[in-house]
Structure formats: C-alpha cells, structure tokens
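The values are calculated or read from the model by the stated rules, or taken from the named source; none is laboratory data. A quick note: this is a predicted structure, and the numbers were derived from the prediction, not measured. We place every Cβ from the backbone using ideal geometry, glycine too, and count neighbours over all the protein chains shown.
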Amino acid sequence: MPMKKFWFVLVILVSLLSQQVWAAPLDSSLLAPTPSVQISSIRYAVHTDSATGGKSLRVVLDVNGPVKVTASSNMLQDPQLVITIQGASVGSVANSVVFDGSIAKDLTILQTGKTESQITVNLPQIIDDSDYQVSVLPGDTAANKPFRVVIDIDKPLPLPEFTFTPGLRGKRIAIDPGHGGSDVGAIGPNGIQEKVVTLGVAMKVKALLEQAGAKVYMTRTDDRDVFAPNDTASEELGARSEVGNKNQVDIFVDIHANSFANPQVGGTGTYYFKKSMYDKLLAKTIQNGVCGVYGLADRGIYPANFYVLKHTNMPAILIEMAFLSNPNEEKLLAAPAFQQQMAQGIVSGIDNFFTQAAKLGVSN
Amino acid sequence: MLRKPLYAFIFLMLVLLLAGCDAPTAPAEKDKAMEGQPAQSSSITSTTPAAVSQSTMQITTYQAAKNAEYLVAEKQTVAKSEHPAKTALELLVAGPRSKELVSVVPPGTKVLGVNISKGIAYADFDETLVKNNHSGATAEQLLVVAIVNTLTEFPEIEKVKILVNGKSVDTISGHMDTSEPFGRSEQLIKKN
C-alpha cells in the first residue's frame with residue numbers, strides 16, 4: 001500500500017475541508033485553495049438614500065478570496081471603527097485613505113498577522129453600533145468578480161446644539177398648513193381639498209398654543225400661496241422654511257393630509273428628516289399625541305427626504321393626519337370636531353416634546 | 001486492511017464536498033453607489049440565472065404595495081430594446097402586472113428618455129408627472145424611490161435625477177426633494 005498516496009489524499013481532504021468551513025459562512029463556491037489572499041483594491045463613495053435623504057460613506061475593499069470580518073467601535077479615546085479581516089494580507093493597496101471628515105477622517109490598513117489585516121477608520125465623533133454595517137459580498141469566480149468587504153458608515157447626527165426647557169410658555173413655534181392658493185394639494189372623492197383641511201387644523205393648533213403662552217409663526221393664515229401664485233416648487237417650499245428660519249423658531253410643524261391610489265388605505269403617519277437628534281423625537285411625540293384620535297390607524301414615523309424638513313434649521317416634522325383618498329377619513333378631516341381633536345393631539349405632542357427634549361439636553 | 005474503509009471515507013467526503021460546492025449560491029448582491037465599477041457587457045444583470053434568450057431581457061420595476069407601506073420588485077421578461085433603461089421606466093409607468101400591487105405613477109405619464117452620464121441617469125418625463133399631481137407625501141416618496149430603484153437595477157447607474165421636459169424639478173407633488181440626483185433606497189423595498 002503506498003503510504004505517500006494516502007497522505008497526499010489526506011492533505012487534499014484536510015485542505016478542502018478547511019476551505020469549505022472557511023467559505024461556508026460566505027456562501028462561496030470557491031473550491032481551490034487560494035495560495036495567498038490579498039486586499040487588491042480600495043475605493044469609496046458617498047451614497048444619498050432617495051427615500052430618506054440620509055448620507056452614508058461606503059468603502060469597498062476587493063479581496064481575491066474568501067475572508068471573515070469582524071468590526072467594533074472604539075470610543076474610549078478618539079472615536080474609531082476597527083475592522084479585522086481574517087484570511088487576507090495587505091496587498092499592493094494604498095495603506096491609508098484620507099476622507100473629507102464629514103463622515104470619516106481617514107482610514108489606515110495594517111497587516112496584523114500572516115493572513116490577517118486590520119482597518120482603522122478615524123471618525124469625527126462617536127457613533128452608535130447601529131450607525132455602521134460591515135459585510136462580505138461573495139465573489140463570483142466565473143465572472144472574475146472579487147470578494148468584497150463592504151463598510152457602510154452613516155453620517156453622524158450633529159451633537160445637540162439646542163437646549164430646550166419644558167413647557168409651552170415663551171416657545172417660538174412655526175406652523176405650516178400644507179399647500180394653499182393655486183396649490184390645492186390632495187382632493188378627496190367628495191371634493192374636500194387638502195389646503196382647506198390643513199388650514200382648519202393649523203388655525204386650531206395656533207389658538208391652543210397661544211392659549212398656553214407660545215408665540216406662533218404661521219406660514220399662511222388664509223387660502224394663499226406663501227410665495228406667489230403659480231410659483232416654482234423651490235420658491236414656494238423655500239418661503240415656508242424661511243418663516244421658521246428667519247423667526248428663529250424652536251420647532252417647525254408642517255400639517256398635511258395624505259392621499260393614495262387605494263381608497264382603503266388610511267391612518268396617521270409622521271415624517272422627519274434626520275438632521276439633528278431632536279427631529280425624530282418631535283416626530284415620535286407628535287405621532288403619539290394624535291395616535292388613536294377617532295380610532296385612526298397608527299402608520300408610525302418615517303425618515304423622509306422632504307424639502308421643507310430639510311431646509312429648516314430647527315427640529316421639524318410633517319404630519320399626514322389622515323387620508324383624503326379614503327371616503328371615511330375625508331369626512332372626518334372636513335369635520336370641525338375632528339379637526340379640534342387632531343389639533344389637541346398635535347399640541348399635546350409638542351408639549352411632550354419640550355419635556356423630553358429638556359431631559360435630553362441635560363443628559364448630554 | 002484498515003486503510004480501505006479510510007479510502008472509502010475519504011472518497012465519500014470528497015464527493016460530498018464537491019456536491020456541496022455545486023449547490024447554487026445565493027444571488028450575488030451588487031454593490032451600488034460605487035464608481036469605477038466595470039460596466040457589464042450586457043445591459044442588464046439578472047439576479048436569477050433563469051434562461052434569458054438572446055432576444056429578451058429581464059427587467060425589474062418597483063411597484064407599490066396596496067397598503068402604501070412599501071415597494072415590491074416585479075420582474076418581467078421583455079423583448080430586448082436599444083434603450084433598456086428607458087424600457088424599464090416605460091414598464092414602471094405602465095403599472096404593475098400583479099393585482100396585489102398599485103401604480104404610483106400618474107396615469108398617462110410619458111417617458112421622454114433616459115441619458116446616462118458618469119453613473120447618473122437623467123430620467124426625463126413629460127409634464128403629466130407633476131401637473132395636477134395631487135399625490136400625498138406617502139405616494140410621492142414611493143414614486144421617487146420606485147423610479148430610482150428601477151433605474152439603479154442597472155449596474156452602470158448609481159444615482160438618478162428626475163427631469164420634466166428636460167428640466168430639473170425640485171419636487172413632484174410638494175413634499176419630496178428631487179433637486180439633486182439620489183441613490184437607491186433599500187428600506188422601502190419589501191424583503192421576503
């Protein structure tokens with residue numbers, strides 16, 4: 001019996017086995033062991049999500065074989081994200097990359113073992129574990145496509161630059177009744193117009209806030225275009241944001257009614273643009289404030305790339321009170337009693353926001 | 001004598017390993033948002049290795065779920081065209097095939113063309129897209145993302161800028177910001 005042959009087969013088997021275990025979590029079909037797996041290239045781009053307008057930095061490293069990655073954030077001294085790539089050495093790739101500093105400052109690649117590399121990303125500020133994702137995309141040997149280590153880092157929210165106190169007294173609040181004048185907004189099956197119901201609710205919100213001692217800045221108090229009739233979208237929406245910006249209000253509340261192709265869809269939803277840590281809080285407190293008014297469905301809060309929310313300098317939300325396209329909700333939206341309840345819900349949500357935001361300011 | 005079963009075992013393991021390696025791999029994810037990605041020779045990368053003949057191509061459009069909460073990818077095989085990106089938008093505008101989905105594009109909207117330059121697709125529609133568009137915020141968000149996601153299915157497209165009659169528009173129905181080119185959004189897509 002030739003012993004050599006036996007050992008040869010055994011060696012092949014062991015190497016195949018280890019390869020299989022190695023590649024299994026990557027779902028790879030790679031069969032032949034790669035003599036030396038290296039990082040062959042590095043590239044990056046900033047991605048802007050079309051739904052939310054959120055920005056993230058994506059760094060992609062090409063690797064000519066399967067690897068395993070682990071990542072951890074190190075926030076003890078300078079904020080860092082450390083990614084360990086097991087199974088690849090640093091090839092001829094540049095060992096450092098300098099970014100513009102808005103999402104990451106720079107990145108260095110270091111070989112920390114024979115087949116282990118470490119990437120350190122220096123960050124401008126502390127990030128949450130939910131603010132980054134590191135993954136390996138499988139390669140395709142047939143298409144000669146390399147394995148890719150993908151590092152996604154969300155743009156960090158600015159640190160709190162606002163300090164809030166509890167209560168409504170003395171607060172400066174901008175209220176924007178959606179649409180108006182030449183822009184009617186959505187129209188219900190029975191002809192109820194969005195611009196009319198948003199103004200109805202907004203005027204009731206104004207009265208309640210003023211009773212509580214707040215100073216209210218309205219983008220409009222009657223049926224008109226805020227900039228000019230038949231103006232461009234950026235003129236009109238810009239003029240609304242400007243009411244909040246020039247009056248340096250504490251918060252901006254944009255009131256709308258929703259509409260969708262399917263008349264059965266209904267409920268309340270609130271939108272925010274992630275520009276500070278307070279925007280989501282404001283969306284949450286207002287959504288909670290109106291939740292359950294007349295048994296409307298709770299559609300939740302959503303990040304959205306909305307023009308007015310993006311162009312205001314303070315925490316801002318857009319509430320879609322109910323669906324005008326839904327005949328039942330159209331009836332409700334037109335009813336003064338419903339409008340009053342909706343306005344009360346919005347005001348209690350605003351009040352709760354200042355309570356919560358004041359705590360947030362203290363803990364930071 | 002001992003070695004025979006060992007050989008048999010080794011052989012068996014090898015067969016199993018090879019069989020395992022032949023198992024279909026998960027559809028390769030594409031890394032979007034990257035510049036300098038080599039353009040594929042074919043105009044469409046299909047995510048399933050289904051037999052697509054030389055005269056047809058597979059197009060994925062994104063249509064809205066009936067509850068207005070998310071978008072659903074709808075794949076269809078159509079005759080190959082010279083402008084697959086424009087064809088994809090035409091299929092999007094034509095609306096869903098499934099009765100479980102609804103269209104978010106105003107009826108009668110025409111696709112004037114799609115120009116692709118440096119990874120940005122300029123998607124040009126006629127004025128029907130914005131004129132008398134009374135869509136609520138929810139429908140508008142779904143519409144913008146449906147256009148962006150349908151076009152970013154093509155590997156050479158990273159971002160999408162929406163145009164009306166060749167000119168930039170800042171919004172579609174008064175909520176969404178469409179003033180710049182934007183990238184794909186995964187969060188509105190229904191995951192199975």
Exercise. Are any of the residues in the stretch A:248-257 in contact with a strand residue (DSSP E or B) (Cβ under 6 Å, 6 or more places away or on another chain), part of a loop (DSSP other than H, G, I, E, B) and either under 23 Å from B:Thr138 (Cβ atoms) or at pLDDT 95 or above (or both)?
Worked result: yes
Problem set entry | Residues (within 14 Å of chain B (Cβ to nearest Cβ), polar (S, T, N, Q) and either more than 23 Å from the chain's Cα centre (by Cα) or within 14 Å of A:Gly267 (Cβ to Cβ) (or both)) located in the stretch A:312-363 | A:Ser325, A:Asn326
For this session: Could you tell me whether the stretch B:158-165 includes any residue that is of a type in the set (S, T, N, Q), in a loop (DSSP other than H, G, I, E, B) and facing chain A (nearest Cβ under 7 Å)?
Result: no
Exercise. Pick from B:Gly20, B:Gly36: which is at pLDDT below 95 and in a helix (DSSP H, G or I)?
Worked result: B:Gly20
For this session: Would you check if A:Ile151 is within 14 Å of another protein chain (Cβ to nearest Cβ) and under 28 Å from A:Phe273 (Cβ atoms)?
Result: yes
Exercise. Taking the stretch A:34-92 as the region of interest, how many residues are in contact with a strand residue (DSSP E or B) (Cβ under 7 Å, 6 or more places away or on another chain) and under 21 Å from A:Lys155 (Cβ atoms)?
Worked result: 27
For this session: Read through the list (1) crowded, with 21+ Cβ neighbours inside 10 Å; (2) out of contact with any strand residue (DSSP E or B) (no Cβ under 7 Å at 6 or more places or on another chain), then give the number of the only condition that A:Lys310 fails.
Result: (1)
Seminar exercise, completed: B:Ala73: passes all of (1) modelled with pLDDT of 95 or more; (2) under 23 Å from B:Asn133 (Cβ atoms) but (2)
Exercise. What number of residues within the stretch B:125-156 are surrounded by fewer than 21 Cβ atoms within 10 Å (Cβ to Cβ) and either in a helix (DSSP H, G or I) or modelled with pLDDT of 95 or more (or both)?
Worked result: 3
Seminar exercise, completed: Those residues of the stretch B:174-183 which are more than 7 Å from chain A (Cβ to nearest Cβ) and surrounded by 24 or more Cβ atoms within 10 Å (Cβ to Cβ) amount to B:Thr178
Problem set entry | Per-region count, the stretch B:94-124, residues surrounded by fewer than 22 Cβ atoms within 10 Å (Cβ to Cβ), farther than 15 Å from B:Leu163 by Cα and β-branched (Val, Ile, Thr) | 1
Exercise. Cβ-Cβ below 9 Å, separation at least six or inter-chain, first residue in the stretch B:95-110 and farther than 12 Å from B:Val72 by Cα, second assigned to a loop (DSSP other than H, G, I, E, B) and of a type in the set (Asp, Glu): which pairs?
Worked result: B:Gly108/B:Asp126; B:Thr109/B:Asp126; B:Lys110/B:Asp126
For this session: At least 2 residues that are over 20 Å from A:Val37 (Cβ atoms) and touching a residue at least 24 places away in the same chain (Cβ under 8 Å) in each: list the strands (runs of 3 or more DSSP E) lying fully within the stretch A:77-132 that qualify.
Result: A:80-86, A:116-122
Problem set entry | Criterion: surrounded by fewer than 16 Cβ atoms within 10 Å (Cβ to Cβ), part of a helix (DSSP H, G or I) and away from chain B (no Cβ under 14 Å) - qualifying residue of A:Ala228, A:Ala207 | A:Ala207
For this session: Considering every residue within the stretch B:90-97, establish whether at least one is more than 14 Å from every other protein chain (Cβ to nearest Cβ), at pLDDT 95 or above, out of contact with any strand residue (DSSP E or B) (no Cβ under 7 Å at 6 or more places or on another chain) and outside any loop (DSSP other than H, G, I, E, B).
Result: yes
Problem set entry | Output for the stretch B:68-89, where each listed residue is of a type in the set (D, E, K, R) and part of a helix (DSSP H, G or I) | B:Lys86
Problem set entry | Counted residues, the stretch B:144-186 - those being more than 11 Å from B:Tyr122 (Cα to Cα) and in contact with a Pro (Cβ under 8 Å, 6 or more places away or on another chain) | 1
